[in-house]
Amino acid sequence: MPALHTSYQEHGSKEGDDPKHADCAGQHKTDHKPGDLGLCTCGCHIGAMGFVGHWSVCLLFSCDRSLTGSQRQSRLCEGVARTIPDGKRLGTGNTSMTMGPKDKSHLPSRHTTIGPARAPHRSFLYAMGLSEEEVNQPFVGVATCWNEAAPCNIALSRQAQAVKMGVKHSGGTPREFTTITVTDGIAMGHEGMRASLASRDAITDTVELTMRGHCYDALVGLAGCDKSLPGMMMAMVRLNVPSVFIYGGSILPGRFKGKDVTVQDVFEAVGRHQAGANSDEELRALEKVACPSAGACGGQFTANTMACVSEAIGLALMNSSGAPAPYESRDAYGTASGDAVMNLLERNIRARDIVTLKALQNAARVVACTGGSTNAGLHLPAIAHEAGIDFDLQDVCEIFHDTPYFVNLKPGGDYVAKDLYEAGGVPVVMKELRKAGLLHEDCMTASGRSIGEELDLIEREADGKVIHPIETPLTATGGVVGLQGNLAPDGAIVKVAGMSAEEQVFTGPARVFECEEDAFEAVKARSYMKGDVIVIRNEGPAGGPGMREMLATTAALSGQGMGKSVALITDGRFSGATRGFCVGHVGPEAAHGGPIALLEDGDMITINAVTGELSVALSDEDLAARKAAWAGPRETIYASGALWKYARLVGSAKYGAVTHPGGKEERHVYMDL
């Protein structure tokens, strides 16, 4: 019987391979024959799916040629079978198998399925085609953020079917449901972005309500975009049920004029277009090829950063975040995740057994060493808040500061998520951190094994191209830095990946704008000066409302060739695709009377990412006098509806911009009701 392992052994490719996998010819060593059982990174279910072609790196599965053809056919997903620590086998591919716990007397689903009083409830379940056996099994919520809003979400429904297969194989009854997603790429640069951060908490709330309302026992969550990843993980920790997260996968890079391109290149091309540096036709040609497939933005932007977090924090299976969305191997990881959640349920391993302070620290390390998105400084405290753990922006930034930056990814570097996957993915990155003693190895993971046990199985090493050895990092400190000073008493955050030490110090006069639109119009008109510090305020969680990202503005500056000639600070956020000296999350925000609300044109601002300083050349007395004369927060147009509600509930960015009291104030445990 094949077993999941992590040797990354390479497999053979020969004549007769499916044409769509022609690129992988010659990249593998061991031949497969039609009918052989296994799975490679392109997702070829060898034999069972009728083809044997595959991409460059095998998805960690050995082949068992002792099985008969009928056995292979009946075990379509056997390639994702795993040997768990107690020696029990999960996921044999036999849909009648019931390895999960049959006694539901202590599980939430007993409230909807057990006893004479629940006959009406069971009637509804039978109406959907469930058998009596399935009704008596544990119920596993399979939550996706599928929609047709953007390519990052479009593959999630397909992958959910694979998850459900894994749940069924291991004796559970999957119940699929969907929740919302607001996709930043579409919402960027206009009023729609105000809905983005609020959608994170709406995702968490709606998953919680669905799980509570229908009394599901465990959760597998699939997400593919910037706010849906943290939103789904927050729901897992809030509910504290056995949980496994799986990322929908990144987009493939486009090709333009012989180079790999991403949507970041399109945003920056807009700036060049505004400067007259490229034509309408060139911009149109680029926009049509930059995003060639399903999946989230390909660089180490927010979605891929949080996907790396999902593995590092332990909620996702090792290496499951790496394969791009079009690769059918994502389905195998989905099936393995369905198996895994049943193992966790059987062993009563819950989300907060996995998400501990040490696990959060591991996740912050991975963000720093990969030059990840500054948005992780918002989402990690929010995940911690759900568990009742104290872990705020400053805690995150302390870890960022003493973590070497050694993974060469866009936007500060040269490579995209697909390249990281082919270089060995997050497991190899974590192996490098372990070498330097920068990893807590005793943290539990979704497999039921510890981080250390998982890494012991990894044989690949840093390639020196995408993943550099930690002994020779790109820079000695992390690609993301925390700042503090009289302009940001609650802190701020800046991404410095790809910047030299000289570029990380900037002093200049403030050029103050009351909202992003005003700043963008000024940038378009080039009504700013080299050396300015552009200040965009009233864009915080409450004051925006919604803490919008500023990619349109920063990309326009880069497109004009001014990305290194000006700096930018805001109480809002920056996209993970932002590059240049751009400081976000300045707190307290303007709406709460923070110092950023008191700035005037010409005030001299110093940003020093080397020492961690963000200050303005004003005395305490000057700031106090301006505060006394301050007219109060700017009035917004949102006087009702979801954003009105969000503005009144949301807290400081320092603590994750959360909207409820969190785990510390809980009076019950959902699983134990």
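The values are calculated or read from the model by the stated rules, or taken from the named source; none is laboratory data. All values derive from a computational prediction rather than experimental measurement. Quick reminder, even Gly has a Cβ in these numbers, built from the backbone with ideal geometry, and neighbours come from all protein chains shown. The protein model used for the area step is the full one, side chains on, heavy atoms only, and it has no ligands, DNA or RNA in it. Shrake-Rupley method; radii C 1.70, N 1.55, O 1.52, S 1.80 Å.
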Per the 1/(1 + (r/R0)^6) rule, R0 = 51 Å and r from the Cβ atoms of T472 and H121, FRET efficiency to 0.05 is 0.25
Loop trypsin sites (Lys or Arg not before Pro), segment 399-477 (other Cβ atoms within 10 Å of the site Cβ: 11 or fewer; DSSP): K465
My understanding is that a pair violates if its Cα-Cα distance is over 20 Å; which of K524/K654; K418/K495; K164/K358; K227/K564; K259/K465 do that in this structure? K524/K654; K418/K495; K164/K358; K227/K564
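What's the carbon and sulfur percent of segment 396-534's accessible surface, probe 1.4 angstrom, rounded to a whole number? Don't skip to the answer; put the middle values down first.
Numbers: 2610 of 5130 Å².
Accessible surface attributable to carbon and sulfur in segment 396-534 totals 51 percent.
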Report, largest value first, the span of the C-alpha coordinates of segment 202-241 along each principal axis, in whole Å. 28, 16, 14
Among 295-308, 104-117, how do they line up from the highest to the lowest mean number of other beta-carbon atoms within 10 Å? 295-308, 104-117
Could you report segment 456-540's accessible area per residue, 1.4 Å probe, as an integer in Å²? 41 Å²
Which whole-Hz ³J(HN,Hα) couplings does segment 371-377 yield from phi under the Karplus relation 6.51 cos²θ - 1.76 cosθ + 1.60, θ = phi - 60°, glycine and proline marked x? x, x, 5, 4, 5, 4, x
Note the full-extension length gain between D620 and I180 as 0.36 nm times their separation in residues minus their Cα-Cα distance, in nm to one decimal. 153.9 nm
Check: segment 502-630 dipole with +1 on Lys, Arg Cβ and -1 on Asp, Glu Cβ, in debye: 380 debye
Residue-count net charge about G372 - beta-carbon cut-off 11 Å; Lys, Arg +1, Asp, Glu -1: +2
Ordered by packing density, taken as the mean number of other Cβ atoms within 10 Å over each peptide's residues, highest first, how do 662-672, 588-598 rank? 588-598, 662-672
Cα→Cβ-extended label distance, 7 Å offset, between K645 and D353, nm: 3.4 nm
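What is the gain in length, in nm to one decimal, between E521 and E502 on full extension, counting 0.36 nm per residue of separation less the C-alpha to C-alpha distance?
Full extension of this stretch gives 3.9 nm more.
Just the accessible area per residue of segment 572-673, please: how many Å² with a 1.4 Å probe? Show your work: numbers first, answer last.
Numbers: 5020 Å² over 102 residues.
About 49 Å² of surface per residue is accessible.
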How would you order 159-167, 511-519 from highest to lowest mean count of nearby Cβ atoms within 10 Å? 159-167, 511-519
For segment 119-271, with only Lys/Arg (+1) and Asp/Glu (-1) charged at the beta-carbon, what is the dipole magnitude about the Cα centre, in debye rounded to 20? 180 debye
Over segment 562-673, what is the relative contact order in percent, taking alpha-carbon pairs closer than 8 angstrom and at least six residues apart? 16 percent
